[in-house]
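Down below is the structure, laid out as structure tokens.
The values are calculated or read from the model by the stated rules, or taken from the named source; none is laboratory data. Everything numeric here is computed off the predicted structure, so don't read it as measured data. Every residue, glycine as well, gets a Cβ built from its backbone with ideal geometry; the counts of neighbours run over all protein chains shown.
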Number of protein chains: 2
Amino acid sequence: MVFTGKRQHWTSWMGQPLYQKVIDTIVARIAAGELLPGGMLPSETQLAAEVGVSQGTARKALMMLEQHGILRREQGRGTFVTARTPDSSLFNFFRLRDHDGAVIRPELVDEKVVQRAATAEEQSLLFDKPDRVYEISRIRCLEGINSTVETSVVPAALFAGIENRAPLPSALYILYQQNYGCIVLKADECIVATAATPSQAKALNICEGAPLLQVERLAFDILGRPIERRRSLYRTDRFSYRVTLD
Amino acid sequence: MVFTGKRQHWTSWMGQPLYQKVIDTIVARIAAGELLPGGMLPSETQLAAEVGVSQGTARKALMMLEQHGILRREQGRGTFVTARTPDSSLFNFFRLRDHDGAVIRPELVDEKVVQRAATAEEQSLLFDKPDRVYEISRIRCLEGINSTVETSVVPAALFAGIENRAPLPSALYILYQQNYGCIVLKADECIVATAATPSQAKALNICEGAPLLQVERLAFDILGRPIERRRSLYRTDRFSYRVTLD
């Protein structure tokens, strides 16, 4: 496996690098609720012994998790899980707000999960050039109005059995984190205005050709791996996409 | 003047707080090219003496400029101007990219600058509840195609005489910085899909009703003051708005 992420770069010929074993262990404990936000981690020495790696490898893993805001190291005190909650994580990646800027909670209206062969584009974008992917198609409702049509595509190998978990929670990233150890930390979005197709118009109760906001997202997990391709179409007559640039 | 910014909060009854005098001095020197990126600032003591404030006030100003990424303090070495160039600043706030993600340089096609009374909405949004504003209306071209219709509204008191500088540079924030000491550091954007009006369609050579991306921006300067309201309409058939969430 040779993979070049946008931020991270690593090469491994014999499977995963050793520090990833440490990261997986910590992430699994956070995901399982064994390590809570604010909770203290074992020392580097203990961690290295538990996982069976060198202290240097344990340190590298802790540094990576710290860089990504998952852990916080305090001089002379220890290493702690930051207070990242699924909720804050969710709303960081869900940018739709009402006209007053208030957060809206989307609700699931319709859902379909299928496993299928990956397209060439999906293979080129997603982690580990997957042969098979899951396609999760959903219609979501905002304040009583069908407002989003979304299609998420994820590598089948990373999300085994996701089709048996339906109905999926409205916030997929919580599911990814809690059941598959994939913590989404970054997303690149590409936004355009487009005209509603007949099927989109029907799903959203609008006229064919009405303007829709189309957001194409590539989401990266804690290891910088592109794990989800998502295309979202939004009605923006009552809501808008908000972002802060700095 | 009582002003509550989103990030900063300060209250002053007799004009500007003293540390702002120090900030203005430093910002003016950066804007004038006297202090270059990477250049070292005078010590707190020297700065305080030059501007005629206490050392504590000079320190507060330096800390604010550091928090905003304008200065970088190095333990035991001194305080330096960070390598923020007008170019990097510009492209941080100009999010349109071509399909390969490459930066596009917009070119000015048409421009109109007028001074007029502020609307009630502009008064409520912009710094110091301005009575008068400048409205800068521009059509800009991307790779040979008229692609954006933009209207920027700024308080007249902060940008005196801007109507005499036409034609304005394509990157207004460089002008704001170099001629008015206003360094734009943050922008809140509100994005929707909309249908082209007859005048927009004419300016952009598209059909009436064609989908356009509308970006409403409120830009904040280094002091957290909302100094520009901008509405941009983009053709996104050949370009897209890109953003990274993390």
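Numerical summary
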| item | result |
| --- | --- |
| Among (1) touching a residue at least 12 places away in the same chain (Cβ under 8 Å); (2) under 21 Å from B:Arg235 (Cα atoms) - the single one B:Asn92 does not satisfy | (1) |
| Qualifying residues in the stretch B:164-178 (those that are over 21 Å from B:Gly224 (Cβ atoms) and of a type in the set (S, T, N, Q)) - the one farthest from the other protein chains (Cβ to nearest Cβ) | B:Asn164 |
| Check on A:Gly144, surrounded by fewer than 18 Cβ atoms within 10 Å (Cβ to Cβ), within 21 Å of A:Pro17 (Cα to Cα) and free of Cβ contacts under 8 Å to residues at least 12 places away in the same chain | no |
| A:Ala201 being within 12 Å of another protein chain (Cβ to nearest Cβ), closer than 30 Å to B:Thr148 by Cβ and of a type in the set (Gly, Ala, Ser) | no |
| Failed item in (1) under 25 Å from the mean Cα position of the chain (by Cα); (2) at pLDDT 85 or above, with A:Thr45 passing the rest | (1) |
| Helices (runs of 4 or more DSSP H) lying entirely in the stretch B:40-134 (those with 1 or more residues that are over 17 Å from B:Leu172 (Cα atoms) and of a type in the set (Gly, Ala, Ser)) | B:44-51, B:55-67, B:120-125 |
| Residue among B:Ala196, B:Ala219 that is in contact (Cβ under 8 Å) with a residue 24 or more places away in the chain, more than 8 Å from every other protein chain (Cβ to nearest Cβ) and within 27 Å of A:Cys207 (Cβ to Cβ) | B:Ala196 |
